[in-house]
Amino acid sequence: MTEEKKKKYPVIDAKTCAGCSVCVENCPINCLAIEAPKYHGDITTIVYLANPEACLGCGICAKICPIRAITIVEA
Amino acid sequence: MATEYGGYMGKVLRINLTTREVDEYPFSDRERELFIGGKTMAAKILSDHFKGTEQPFSDENMMVITTGPMTGSGAPSSSRFNISTLSPLTGYVTSSNCGGNFGYYLKKAGLDALIVQGHCEKPTWLEINSGKVIFHEADDFWGMKTGATQEALDEKMKLPNGRVRKNGKICIGPAGENQVLYASVVSNERVAGRGGVGAVMGWMRLKAICASGNKEISVKEKEKMVAHTQKWFKYLRKHPLTGEQLPKLGTAGLVSSMQMKGLLSTKNYSEGHFDDFELISGERLAEQYNIVNKGCLTCPIRCSRTVEVEGKAVKGPELETLVLLGSGICNNNLEAVLRWNYELDELGMDTISCANTISYAMEANEKGLWDNGLHFSEIDDLSAVMEKIAHKEGIGAELALGSKRLSEKYGGTEFAIHAKGMELAAYEPRKAVGLGLGYAVSNRGGCHLNGGYAVILEGLGLSVNPTTYHGKADMTMLMQNLMEMISASGQCLFTSYAFFPAPLMSHPNSWYTKLVNAVLPYCGGAVRILNKFPEIAAIHLPVFHHTKGFEYVTGMKMPFGRYMRCGERGYNLERELNRRFGVDATKDALPKRLTDVVQDPKDPNSKVPLEKLKQVYYHARGWDDNGLPTKKLLQKLNIEAK
């Protein structure tokens with residue numbers, strides 16, 4: 001069962017994601033992080049799965065994302 | 001009271017710290033329709049209790065912490081919460097807004113608002129866990145700075161598995177504990193800075209509140225809101241102000257424009273230009289000190305900076321701090337400003353009021369009125385002075401009173417730069433007279449935002465003639481009402497920047513922008529019609545996503561006109577509330593330096609024609625000659641007078 005869960009993980013659409021960090025705040029095990037570079041003329045924000053090993057694939061991030069930039073996929 | 005509307009949690013809790021009683025405060029759907037949330041909801045609650053005889057440091061005062069229906073709804077920049085109370089600095093009602101994560105977690109705890117009354121015998125912190133209130137002793141935290149307090153609270157929130165339970169906090173630092181009149185309340189790195197809300201919390205001996213929970217924040221029309229938010233985010237990210245200037249340089253980016261336009265407060269507002277402005281500019285901050293851009297929870301604009309101070313990554317200064325602790329005291333040492341900004345947040349003290357009080361003291365010393373050892377451009381001891389203010393030691397005990405009280409004691413009222421006792425923001429109003437009016441009439445005292453931020457039309461966005469009084473009063477009213485409602489709904493005022501069509505911002509020298517700049521001062525009449533009869537705008541504007549977003553979240557009908565009317569109601573409600581504490585036309589004042597002395601000797605118009613502006617403004621607002629809302633107006637706005 002654990003193996004099954006580990007096969008799921010979030011994929012973040014970098015074009016859509018605006019880095020509002022709601023998913024980061026709501027991840028129950030803090031495995032998402034925000035990559036916030038200095039401004040370089042383009043805002044390519046910027047959430048990424050910082051700790052894929054720990055990710056439960058629970059889908060809270062996808063559910064809470066206000067602009068549906070996250071989808072949960074199976075490995 | 002339960003609600004039919006989306007966006008609300010349907011519950012307001014009242015906590016009496018003296019008796020430790022906790023009960024639900026009735027707030028009906030009818031009241032939600034009229035008073036929305038945020039500062040307006042708080043004003044309604046305060047209005048139902050205050051008679052005008054209450055004192056800020058007393059059990060009769062109350063602190064109302066509110067969210068808006070948009071808070072945490074997924075709408076951009078919607079993590080805001082508001083703290084309203086009777087201000088010890090002004091003696092009137094203040095509202096202080098903050099982008100920290102407390103509001104978000106207050107809603108997840110199942111609450112729209114908290115009303116805190118009374119005082120604790122011993123230092124206390126409150127835990128609000130899914131609506132349940134738990135009192136904890138805070139002896140161990142008392143005396144701690146705000147960063148250490150928040151870390152200590154996280155320790156207390158640790159779960160058996162070692163993780164910290166997700167939570168949002170507010171806390172005070174030493175300045176609040178010692179009731180410095182301009183003490184702030186801190187949440188994460190963000191600050192509810194203005195009006196001394198931290199001092200009231202300190203008087204209550206309430207060190208912190210920590211909220212947590214897993215309640216879902218409902219959205220009435222979820223699918224429509226998702227599609228709308230996608231468009232809204234895109235719009236904000238493409239707009240020259242919210243998608244470029246603010247992410248690129250933060251609010252500090254305005255320093256250079258302010259210098260060009262004579263708006264950069266220098267040497268205690270005696271000048272509008274600073275020779276070394278480049279050394280304290282947003283460009284230099286971005287190039288040399290910015291480690292990373294940061295944003296409040298839910299915000300795609302990300303205007304906050306992270307800088308390094310003594311090897312530690314900390315929040316960078318906002319424009320106000322940068323200017324008032326930079327050019328305001330003739331200081332070109334940016335590193336010092338970064339350090340003071342961090343230290344003031346740690347001490348829990350408003351950077352604006354603190355900086356202006358210090359610059360007043362420097363000038364009073366220079367003029368021989370008060371021998372206090374402070375000199376313009378001499379900055380070596382200022383960190384120690386700030387510590388002394390927070391602990392009310394030595395000279396700090398006097399500086400903790402703010403510039404108004406000090407000027408009454410030592411003289412120099414003409415250069416004590418405050419309105420209603422609260423120090424002004426960083427924009428020199430003699431080269432933006434509409435903002436000068438805003439500072440003077442603002443409900444919470446010298447505030448650029450509550451004052452309508454007309455400076456965005458007068459040089460920082462558009463370039464309308466900054467020293468003409470034509471059209472300024474009506475535009476100030478329009479902007480005040482608009483921002484009042486954005487704030488009440490729980491969103492950041494920066495989202496309103498997108499209200500200005502992008503081409504006007506990105507092509508300031510184009511013929512159409514020049515035309516708008518030239519014509520706008522003469523559109524006062526048309527603006528007044530819109531202000532007076534906003535319902536005629538029963539539409540959703542394509543550049544203003546807030547109204548549709550509000551409808552999708554709450555399910556309330558909210559065309560632009562009604563949105564504006566709600567803002568007007570909020571503004572008048574606070575005014576009526578302040579009337580009970582003695583506000584009238586005489587209190588809408590500015591120091592003589594700004595109204596009687598020209599900034600530029602070559603330009604006789606470079607001073608604020610306040611009396612003229614006030615007259616037009618009162619008339620536009622439908623107030624009487626004494627600057628008070630008439631009974632008829634209050635009735636029309638469903639505001640109960642006392």
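The values are calculated or read from the model by the stated rules, or taken from the named source; none is laboratory data. From a predicted model like this one, the values you see are computed outputs, not experimental measurements. Every residue, glycine among them, receives a Cβ derived from its backbone with ideal geometry; neighbour counts consider all protein chains shown.
Looking only at the range B:543-586, which residues are assigned to a helix (DSSP H, G or I), closer than 19 Å to B:Gly438 by Cα and among the β-branched types (Val, Ile, Thr)? Hit for the range B:543-586 is B:Thr586, nothing else. Here is a check on your reading of the model: is B:Ile395 modelled with pLDDT under 95 and either surrounded by fewer than 22 Cβ atoms within 10 Å (Cβ to Cβ) or not assigned by TED's automatic domain parsing to the domain that holds B:Arg302 (or both)? For B:Ile395, the condition - modelled with pLDDT under 95 and either surrounded by fewer than 22 Cβ atoms within 10 Å (Cβ to Cβ) or not assigned by TED's automatic domain parsing to the domain that holds B:Arg302 (or both) - is not met.
Taking the range B:507-519 on its own, how many of its residues are surrounded by 14 or more Cβ atoms within 10 Å (Cβ to Cβ) and of a type in the set (A, V, I, L, M, F, W, C)? Residues that pass the stated criteria total 1. Of all residue pairs spaced 6 or more apart or on separate chains, those with beta-carbon atoms under 6 Å, a first member in the range B:510-536 that is more than 14 Å from B:Tyr469 (Cα to Cα) and a second member that is of a type in the set (D, E, K, R) and part of a helix (DSSP H, G or I) are B:Val527/B:Asp474; B:Arg528/B:Asp474; B:Pro534/B:Arg565.
Condition check: at the interface with another protein chain (Cβ under 8 Å from one of its Cβ atoms) and at pLDDT 90 or above. Does A:Ile67 satisfy that? Give the steps one after another, and end with the answer.
Details: at the interface with another protein chain (Cβ under 8 Å from one of its Cβ atoms): yes; at pLDDT 90 or above: yes.
Answer is yes for this residue.
The residues of the range B:594-615 that are surrounded by 22 or more Cβ atoms within 10 Å (Cβ to Cβ) and part of a helix (DSSP H, G or I), listed by number, are B:Leu594, B:Leu610, B:Leu613.
Restricting attention to the range B:233-248, does a residue exist that is at pLDDT 95 or above and of a type in the set (S, T, N, Q)? No, the conditions are met nowhere in the range B:233-248. Being within 23 Å of the chain's Cα centre (by Cα), farther than 20 Å from B:Leu241 by Cα, at pLDDT 95 or above and crowded, with 19+ Cβ neighbours inside 10 Å is a condition met by no residue of the range B:492-506. Would you confirm whether any residue within the range B:447-468 is among the small types (Gly, Ala, Ser) and more than 29 Å from B:Thr298 (Cβ to Cβ)? Yes, because at least one residue in the range B:447-468 is among the small types (Gly, Ala, Ser) and more than 29 Å from B:Thr298 (Cβ to Cβ). Per the conditions (1) charged (D, E, K, R); (2) in contact with an Asp or Glu (Cβ under 9 Å, 6 or more places away or on another chain); (3) over 21 Å from B:Tyr104 (Cα atoms), the sole criterion not satisfied by B:Asp59 is (2). With respect to the conditions (1) more than 19 Å from B:Lys220 (Cα to Cα); (2) surrounded by fewer than 23 Cβ atoms within 10 Å (Cβ to Cβ), B:Glu33 falls short on a single one, namely (1). When we screen B:Glu387, B:Glu414, B:Glu408, B:Glu423 for residues that are surrounded by 23 or more Cβ atoms within 10 Å (Cβ to Cβ), of a type in the set (Asp, Glu) and under 29 Å from B:Pro56 (Cα atoms), the only hit is B:Glu423.
Based on this model, can you work out whether B:Glu127 counts as farther than 22 Å from B:Lys39 by Cα, in contact with a His (Cβ under 7 Å, 6 or more places away or on another chain) and among the acidic types (Asp, Glu)?
yes
Which one of B:Ile352, B:Ile389, B:Ile379 is in contact (Cβ under 8 Å) with a residue 60 or more places away in the chain and either assigned to a loop (DSSP other than H, G, I, E, B) or closer than 23 Å to B:Ser304 by Cβ (or both)? The match here is B:Ile352.
Conditions tested, residue by residue: (1) away from chain A (no Cβ under 14 Å); (2) surrounded by fewer than 22 Cβ atoms within 10 Å (Cβ to Cβ); (3) under 30 Å from B:Lys156 (Cβ atoms).
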site: B:Met201; (1), (2), (3): yes, no, yes
site: B:Ser212; (1), (2), (3): no, yes, yes
site: B:Lys220; (1), (2), (3): yes, yes, no
site: B:Val226; (1), (2), (3): no, yes, no
site: B:Leu246; (1), (2), (3): no, no, no
site: B:Val255; (1), (2), (3): yes, no, no
site: B:Glu271; (1), (2), (3): yes, yes, no
site: B:Glu287; (1), (2), (3): no, yes, no
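Here the condition is being touching a residue at least 40 places away in the same chain (Cβ under 8 Å) and in contact with a strand residue (DSSP E or B) (Cβ under 6 Å, 6 or more places away or on another chain); of B:Pro123, B:Pro88, it holds for B:Pro123 alone.
Apart from one condition, B:Lys207 fits all of (1) more than 14 Å from chain A (Cβ to nearest Cβ); (2) surrounded by fewer than 19 Cβ atoms within 10 Å (Cβ to Cβ); the exception is (2).
Candidates in the range B:271-306 are the residues that are without any contact (Cβ under 8 Å) to a residue 40 or more places away in the chain and of a type in the set (Asp, Glu); of these, the one that is farthest from B:Gln599 (Cα to Cα) is B:Glu287.
The set of residues from the range B:51-83 being more than 14 Å from chain A (Cβ to nearest Cβ) and touching a Lys or Arg at 6+ places or on another chain (Cβ under 6 Å) comprises B:Gly52, B:Thr67, B:Asn82.
Taken as a whole, the condition of being surrounded by 23 or more Cβ atoms within 10 Å (Cβ to Cβ), basic (Lys, Arg) and at pLDDT 95 or above applies to B:Arg444. In this structure, B:Ala75 does not qualify as part of a helix (DSSP H, G or I) and either modelled with pLDDT of 95 or more or within 18 Å of the chain's Cα centre (by Cα) (or both).
Here's the yes/no breakdown for (1) surrounded by 24 or more Cβ atoms within 10 Å (Cβ to Cβ); (2) within 14 Å of chain A (Cβ to nearest Cβ):
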position: B:Gly262; (1), (2): no, no
position: B:Glu278; (1), (2): no, no
position: B:Gly295; (1), (2): yes, yes
position: B:Pro317; (1), (2): yes, no
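Taking the stated definitions as given, is B:Pro609 touching a helix residue (DSSP H, G or I) at 6+ places or on another chain (Cβ under 6 Å) and within 30 Å of B:Ser265 (Cβ to Cβ)? It is false that B:Pro609 is touching a helix residue (DSSP H, G or I) at 6+ places or on another chain (Cβ under 6 Å) and within 30 Å of B:Ser265 (Cβ to Cβ).
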